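Structure, as structure tokens:
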Amino acid sequence: MTGVQNGIKRLFYSLLQPFFAIFLGLLTGAIAISIVGEPVLASYKEMWNGAFGNFYFLTSTLARATPIMLVGLGVALAFRAGVFNLGAEGQMVLGAVSAALAGVYIPGTGIGKTLLVLLVGILAGGLWSLLAGWLEAKFKVQLLISTLLLNYVAVLFASYLVSDPFQDKTGSGALAQTHMLDQSIWLPKLFQGMSVHWGFLIAVGAAIIMFIIFRTTSAGYEVKMLGLNPFFASYGGVNKIKVMLTSMFISGALSGLAGTVEVLGSQYRFVDGALTVPGYAWTGLMATLLANSHPIGTAITSIFLAAIETGAMGMERNTQVPLEVSSIIQSVLILFISAKLTLKWWKRKSKVGGSHGTL
């Protein structure tokens, strides 16, 4: 009974922090709404309606949550292994443009080609992430720096590809985009006439699989131990380099998959800026940090953050509250997360300093 009670207590404390962060974010948003001169409860009701008010808005929220969830799961895996993969945006964009070009130029139709295009996007994101891991293992280039800077390389390279050599020049707009994919390889919609597609089920499936792997397999245990205590993990026989490289590849692969399902399920081509402007990658990072890198928690917080964004659009339509209120709420969440990470770092540093003092 004591073990069950301890488990419930740990679950309660793990849920308490994100709920407190959400409360602070909504409280700050309420202050901003009051400054605008709109009633707080009525405005939040419009936000709720804009996210979940009817089946159409619900499916729009789930569609927006899909890439956020996949990116968040990839970042969660990396963080669980103790590696800082901040390159999700570049991995997502490179996976998306690779998948789009494969869909346009590789011959074939139907489900076989859809699976091939998905594989291309997964490999592109995974290999791009693995490059940063290799730089860390071979030349001691810190992942925090390399992944962040490789974002710019990937995004600008993708922009070049669709602005010149592979640009669709058949339309009058001359937008920086690829040709339209054949309809036979599109991901089907979950509901006719709605925006949510099979990519959402893929994301939910990935969250469940990750949860099972972390809870029941030796590989998940090795990842967890490496993230908690790399010295103890090495002492216990865990190959740090192998686990780090594997985690980086899978982390990037999930981000590449996020971009790929957006291309196959929503945009049906790669459009320059369509993945970077909405900030899917950074919202996914926020969802991961808010959920303490828990796979199921990341899925839930991804839907919550997507609901804030889609709900803010509905609130702007029906009130005088601007769309930027959602940015204010998310900014408070970022501040809370940053404060929590700083406090954790300070405590760890104090412990190390104290142990040195005793020697």
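The values are calculated or read from the model by the stated rules, or taken from the named source; none is laboratory data. Computed from a prediction, not measured in an experiment: that's the story for all the values here. Don't worry about glycine lacking a Cβ; one is built from the backbone with ideal geometry, like all the others, and counts go over all protein chains shown. Ligands, DNA and RNA are excluded from the accessible area calculation, which covers all protein heavy atoms including side chains. Shrake-Rupley method; radii C 1.70, N 1.55, O 1.52, S 1.80 Å.
Assorted remarks:
- Scope region 114-143; condition more than 30 Å from Q183 (Cβ to Cβ) and part of a helix (DSSP H, G or I); matching residues: S129, L130, L131, A132, G133, W134, L135, E136, A137, K138, F139, L143
- Among (1) more than 13 Å from G284 (Cα to Cα); (2) buried (at least 23 other Cβ atoms within 10 Å of the Cβ); (3) of a type in the set (A, V, I, L, M, F, W, C) - the single one V120 does not satisfy: (2)
- Restricting the first member to region 246-261 and to residues that are closer than 8 Å to G126 by Cβ, and the second to residues that are among the aromatic types (F, W, Y) and part of a helix (DSSP H, G or I), the beta-carbon pairs closer than 8 Å and six or more apart or on different chains are G252/W128; G256/W128.
- Number of residues in region 103-113 that are surrounded by fewer than 22 Cβ atoms within 10 Å (Cβ to Cβ) and in a helix (DSSP H, G or I): the value is 6.
- Residue match in region 124-136 (condition: closer than 18 Å to S266 by Cβ and surrounded by 12 or more Cβ atoms within 10 Å (Cβ to Cβ)): yes
- Within region 162-186, the set of residues being closer than 30 Å to F55 by Cβ, surrounded by 17 or more Cβ atoms within 10 Å (Cβ to Cβ) and either out of contact with any Ser or Thr (no Cβ under 7 Å at 6 or more places or on another chain) or free of Cβ contacts under 8 Å to residues at least 24 places away in the same chain (or both) comprises L181, W186.
- Cβ pairs under 8 Å, 6+ apart, first in region 70-85 and more than 15 Å from I296 (Cα to Cα) and among the hydroxyl-bearing types (S, T, Y), second at pLDDT below 95 and crowded, with 24+ Cβ neighbours inside 10 Å: none
- Hits in region 87-101 - residues which are of a type in the set (A, V, I, L, M) and either part of a loop (DSSP other than H, G, I, E, B) or open to solvent by less than 10 Å² (accessible area, probe 1.4 Å) (or both): A88, M92, V93, A96, V97, A99, A100
- Look at region 108-127: where a residue is closer than 23 Å to S251 by Cβ and a partner is surrounded by fewer than 18 Cβ atoms within 10 Å (Cβ to Cβ), sitting 6+ places away or on another chain with Cβ atoms under 7 Å, you get L116/I106.
- Residue in region 214-228 that is among the β-branched types (V, I, T), surrounded by 17 or more Cβ atoms within 10 Å (Cβ to Cβ), modelled with pLDDT under 95 and part of a helix (DSSP H, G or I) present: yes
- Residue in region 14-21 that is farther than 17 Å from L335 by Cα, assigned to a helix (DSSP H, G or I) and modelled with pLDDT under 80 present: yes
One line per residue, one yes/no per condition, for (1) more than 19 Å from L16 (Cβ to Cβ); (2) at pLDDT 85 or above; (3) β-branched (V, I, T):
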position	(1), (2), (3)
S293	no, yes, no
F304	no, yes, no
E324	yes, yes, no
I337	no, no, yes
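- Residues (open to solvent by 50 Å² or more (accessible area, probe 1.4 Å) and of a type in the set (A, V, I, L, M)) located in region 43-86: L58
- When region 292-324 is filtered for residues that are part of a helix (DSSP H, G or I) and free of Cβ contacts under 8 Å to residues at least 40 places away in the same chain, the ones remaining, listed by number, are I300, E316.
- Criterion violated by L275 - all others in (1) out of contact with any Asp or Glu (no Cβ under 7 Å at 6 or more places or on another chain); (2) closer than 30 Å to L190 by Cα; (3) of a type in the set (A, V, I, L, M) satisfied: (1)
- Scanning region 144-165 for residues that are in contact with a Leu (Cβ under 8 Å, 6 or more places away or on another chain), modelled with pLDDT of 95 or more and either within 22 Å of L254 (Cβ to Cβ) or not in a helix (DSSP H, G or I) (or both) yields a total of 8.
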